[in-house]
Structures are given as C-alpha cells and as structure tokens.
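Visitor: Structure in structure tokens, see below.
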Amino acid sequence: LRLGDIAFVDAAGLVLAFTREHDGARMLCVFNMSADEAVFSGDMGEAVLQSGAVGGAGALGPYAVHIGKL
C-alpha cells in the first residue's frame, strides 16, 4: 500500500478508492469511511484482503475495506 504510483478513483459518498502500481502489480484499495452501507461502482478485482461486510456488486458494509488485485 505504500509503494508505487497512486491514482485516486472517483467514488460516491464517503468511499475512498485508489489504485497502487508497483513492480508490475496493480491493486485497488477501497475504504468505506462511514457507519452506513455504501456501494463502489467499478471492477473491484480479485479480493486479496477484506475487512467488514463486503458483498457482491460493490456493496460495502460500514467501515469495510476491500483490497483487490487488478
């Protein structure tokens, strides 16, 4: 998460999303920064780490985190 190029991704509401690229690997990091459910619309990639309730179609539970390999 701390190495490589960073590019912020547009996300609705209190969702923070960005990609990191380093040594040929590209990761998407998505954070729901609120106590309410949120939705991230976009390819979330293959899950590498998830915390909190993360459902299909980009559904993120309160304070959920999703890190996916793109």
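The values are calculated or read from the model by the stated rules, or taken from the named source; none is laboratory data. Being a predicted model, the structure only gives us computed values, none of them experimental. As a convention, Cβ positions derive from the backbone with ideal geometry for all residues, glycine included, and neighbour counts pool all protein chains shown.
Visitor: Scan the stretch 43-64 for residues that are at pLDDT 90 or above and within 15 Å of Ala12 (Cα to Cα) and report the count.
Guide: Filtering the stretch 43-64 for residues at pLDDT 90 or above gives 43-51, 59-64.
After this cut, where a residue has to be within 15 Å of Ala12 (Cα to Cα) as well, the list is 43-44, 59-64.
Residues that pass the stated criteria total 8.
Visitor: With respect to the numbered conditions (1) without any contact (Cβ under 8 Å) to a residue 40 or more places away in the chain; (2) out of contact with any His (no Cβ under 9 Å at 6 or more places or on another chain), which one is the sole condition not fulfilled by Met44?
Guide: It is condition (2) that Met44 fails.
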